[in-house]
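*Asks:* Have a look at this one before I ask anything.
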Amino acid sequence: MGLLSSTPLEFADRWTEDDGVAVFAFTPTRPFRHIAGQHGLFAVKGGGAKPFSLASAPEDDQVVLATRLESGSRFKKALAALRPGDRVTMRGPIMKFTLDGAGDDVVFLAQGVGITPFRSLLRHISAAGLGVRSTLLHVGDGHAFKTETEQLASDARYHRDREGFAVDLKQVATNAPAATYYVSGVPQFIAEMSAALKDLGIGRKQIRKDNFRGY
């Protein structure tokens, strides 16, 4: 971690998405580079530091993260108390949950707030004009970023129950057996999806996983 670059960020805005997901937008005080799908390690005064997926694309002017605040942890309290102009520090970017080497057909499987990195990836695909076909399947009690991701993805489907999600997953895997599959959510969801994809004939090297870190 000691070799990670550090970028000061100025808190700019906050809003709430569906299912009570809190979204925080920051303005970098100096330019920094990242790849869509990566994480940043965010440090908030009085709250310590936690890693979060960047919900923003490299082409965006602001750095965006999304999380739930219900846990009431020291970090979440400090994050929720931010006021416009307050500064936090982001170290990184880190992780390799990116499009590198994925080809032109991708499938995004998200559970709950695991939609976050896919917002980044979909915004980047659109902004960069990439010739990538994207399929998004999202399951949860609500669907944060639904309006936006539904417009950005080539095919987007949203479910509140696992049964409907499983039916769509089988159909997508049958129609796109050579695609690269991305999975983001809690560890149990990651494990279940990895096993389901294997049973559907998707190779291990086609599956990329992003366990929750900091949510």
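The values are calculated or read from the model by the stated rules, or taken from the named source; none is laboratory data. Since we're looking at a predicted model, the values are computed, not measured. Counting neighbours? That spans all protein chains shown, and the Cβs are built from the backbone with ideal geometry, glycine included.
*Asks:* Only residues that are assigned to a loop (DSSP other than H, G, I, E, B) and farther than 26 Å from His143 by Cβ: list them for the stretch 68-88, please. Spell out how you get there, then give the answer.
*Replies:* Pass one, the stretch 68-88, residues assigned to a loop (DSSP other than H, G, I, E, B): 68-73, 81-86.
Of everything in the stretch 68-88, those that are assigned to a loop (DSSP other than H, G, I, E, B) and farther than 26 Å from His143 by Cβ turn out to be Ala81, Arg83, Pro84, Gly85, Asp86.
*Asks:* Turning to a different aspect of this structure: So, Glu70, is that one modelled with pLDDT under 95, under 20 Å from the mean Cα position of the chain (by Cα), acidic (Asp, Glu) and at negative phi or not?
*Replies:* Yes.
*Asks:* Would you mind stating whether Ala178 is surrounded by fewer than 22 Cβ atoms within 10 Å (Cβ to Cβ) and either within 23 Å of Pro58 (Cβ to Cβ) or touching a residue at least 40 places away in the same chain (Cβ under 8 Å) (or both)? Write out each step before concluding.
*Replies:* On the way: surrounded by fewer than 22 Cβ atoms within 10 Å (Cβ to Cβ): yes; either within 23 Å of Pro58 (Cβ to Cβ) or touching a residue at least 40 places away in the same chain (Cβ under 8 Å) (or both): yes.
So Ala178 passes the test.
*Asks:* Is it the case, given these coordinates, that Ser71 is of a type in the set (Ser, Thr, Tyr) and free of Cβ contacts under 8 Å to residues at least 12 places away in the same chain?
*Replies:* So Ser71 passes the test.
Results for (1) under 16 Å from the mean Cα position of the chain (by Cα); (2) of a type in the set (Gly, Ala, Ser), shown as yes or no for each residue.
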site	(1), (2)
Lys146	yes, no
Ala156	yes, yes
Glu163	no, no
Gln171	no, no
Ala179	no, yes
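*Asks:* How many of the residues in the stretch 7-39 are exposed (fewer than 12 other Cβ atoms within 10 Å of the Cβ) and closer than 27 Å to Arg208 by Cβ?
*Replies:* The qualifying residues number 1.
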